[in-house]
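The structure appears right after this line, and notes come after that.
The values are calculated or read from the model by the stated rules, or taken from the named source; none is laboratory data. Everything numeric in this text was worked out from a predicted model, so none of it was measured. Quick reminder, even Gly has a Cβ in these numbers, built from the backbone with ideal geometry, and neighbours come from all protein chains shown. Ligands, DNA and RNA are stripped out before the accessible areas are found, and what is left, the full protein with its side chains, is counted by its heavy atoms. Shrake-Rupley method; radii C 1.70, N 1.55, O 1.52, S 1.80 Å.
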Amino acid sequence: MTLGAQGVRILVQLGGIVLLARLLSPADYGLTTMVIAIIGVGEILRDFGLSSAAIQAKTLSVGQRSNLFWINTGIGALLTAVVAALAVPIAAFYDDDRLVAVTLALSATFLLNGISTQFRADLNRRFRFGALASVEISAQAVGLGIAVIMAVVGFGYWALVAQQVIQVLFQVLVLPLVARWMPGLPRRGEEMRSFFDFGGPLVASQVLVYASRNVDALVIGRVFGASTLGFYNRAFQLMTLPLNQINAPSSRVALPTLSRLREEPARYREFLTFGQITLLNIVSFVLALCVAQAAPIIAISLGSQWAPSVPLFQILAVAGLFQAASFATYWVVLSLGRTKRQFWYTLITRPLVIGLIIGGAVWGVEGVAWAYALGNALLWPMGIIWLVRGSIAPAGRLFVGALRTIVVYALAAVASYASTMAIPESLSIVRILVGAVVFLAALALVALVFPPFRRDVVAMAGARRFFRRQRSARTAPPSTEPQEADV
């Protein structure tokens, strides 16, 4: 259900990318990205790891849930005030006065997201994935609709700002009705330390991860300007679209499930490896095919004016493959509560990635993209060694399975690209069709001659049987009643 709903979200988001890319300029995207690259770290601080802490907790009382709501709301309100105060310095950093108003408008999203955080966590915790997906899809569609109208009328970059604000405002209004609970007043005497012990190291790690993943936009915007950042941003969003839209529902299902399988190591390993194979094959299929046929895909979807984004997307897609390979490591960290270990790993490795990206600017915007890709390629095996080894998760199996998948789809992408080199660029649709057929044929050939990949395909084809078995043995969802009742 979650993957199906996410498919709808992908269609909505793709529609938005296509429509808005033809209505707005690269500079419009660059302006909003300049602000988001700086203030986006506030979203991590606003959550403070408390949504993940609530989802993985074995028990969660009514008082604890209410306290978490007020904590997230208070942090959101504080961040709104801080970001609003930083509006002028942000505009001065980029030397663009328009960013003052943009920053002030976007600052409201912290308070709104703070209010909705625990409602989303509650629906996730209770396995109400369909309800949660319905709200998120509706919010995305409403925000996109308003953005398109504003872009048509001529509001420019304000259409993108409105899209961000309207999406979170819609969720604040609808989520309490869907979740069917309202927070009470803050309660003293509730055990809250465990949530902060879990969330504290997690949020510290996430801040460093965010910095390493957004310093590229900061550098490009400061050095090369809004238009160049707009081209880079479109390429980056095309790369992260399959990552985010597939990782989000997969993690939404995997984290609460793995958290409940901690006492059953064999089932834990089975579910984890199945999840990695499925997610990485889906992401690799989309990214590899899009890399091979990037030029005609971008020409058709965004328009010829976005041609400078083609090589940037192809480079960044390499980073996307290694990010997807690291998703299973992220599941292990959260489901087993290894957030302190993750903090030290992040503290050492992420500054290295930031340094690579800053140094890559010497070779222009493509140098930044290559540095970003190299950093993610290095982080993947380091994460498995540091974060997975020594746990009940099968580190060796995760590494070999991901490496096998990346190599297979890279070979298929090369075959697809080579098959369309002689076809004129004006025949974009023909190039995509021929490239897709060759891509599928290459995968079929590899599955035929390479048994490990064939076993992966068979395992994914048997997903229904796998989940039927999991459902028949699954324990009941965790209680959300007061702890006295749990005892």
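At a glance:
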read-out: Selection status of S335, of a type outside the set (V, I, T), within 20 Å of the chain's Cα centre (by Cα) and open to solvent by 10 Å² or more (accessible area, probe 1.4 Å); value: no
read-out: Residue list for region 124-134, filter: buried (at least 22 other Cβ atoms within 10 Å of the Cβ) and either of a type in the set (A, V, I, L, M, F, W, C) or without any contact (Cβ under 8 Å) to a residue 40 or more places away in the chain (or both); value: L132, A133
read-out: Residue in region 144-152 that is free of Cβ contacts under 8 Å to residues at least 60 places away in the same chain, farther than 19 Å from R9 by Cβ and open to solvent by 20 Å² or more (accessible area, probe 1.4 Å) present; value: yes
read-out: Residue in region 60-68 that is assigned to a helix (DSSP H, G or I), under 28 Å from N247 (Cβ atoms), at pLDDT 80 or above and open to solvent by 10 Å² or more (accessible area, probe 1.4 Å) present; value: no
read-out: Counted residues, region 1-38 - those being of a type outside the set (S, T, Y), open to solvent by less than 30 Å² (accessible area, probe 1.4 Å) and either within 20 Å of F224 (Cα to Cα) or modelled with pLDDT under 65 (or both); value: 8
read-out: Single residue of V209, V165, V152 found to be more than 20 Å from the chain's Cα centre (by Cα) and at pLDDT 70 or above; value: V152
read-out: Output for region 306-341, where each listed residue is in contact (Cβ under 8 Å) with a residue 24 or more places away in the chain and of a type in the set (S, T, N, Q); value: S309, Q323, S326, T329, S335, T339
read-out: Cross-chain or 6+ apart pairs with Cβ under 7 Å, region 21-32 first and in a helix (DSSP H, G or I), then basic (K, R); value: A21/R234; Y29/R234; L31/R98
read-out: Extreme residue, nearest to L19 (Cα to Cα), among residues of region 231-256 that are touching a Leu at 6+ places or on another chain (Cβ under 6 Å) and among the hydroxyl-bearing types (S, T, Y); value: Y232
read-out: So T109, is it modelled with pLDDT of 80 or more, among the polar types (S, T, N, Q) and more than 23 Å from A133 (Cα to Cα); value: no
read-out: Test for Y345: is it open to solvent by 10 Å² or more (accessible area, probe 1.4 Å) and over 18 Å from L258 (Cβ atoms); value: yes
read-out: Inter-residue pairs, beta-carbon under 9 Å, first at pLDDT below 90 and in region 352-379, second buried (at least 16 other Cβ atoms within 10 Å of the Cβ) and not in a helix (DSSP H, G or I), 6+ apart; value: V365/P308; N376/S326; L379/S326
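Condition check ((1) assigned to a helix (DSSP H, G or I); (2) surrounded by 20 or more Cβ atoms within 10 Å (Cβ to Cβ); (3) within 18 Å of the chain's Cα centre (by Cα); (4) modelled with pLDDT under 85) across all residues:
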site: I246; (1), (2), (3), (4): yes, yes, yes, yes
site: R262; (1), (2), (3), (4): no, no, no, yes
site: N281; (1), (2), (3), (4): yes, yes, yes, no
site: V291; (1), (2), (3), (4): yes, yes, no, no
site: L316; (1), (2), (3), (4): yes, yes, yes, no
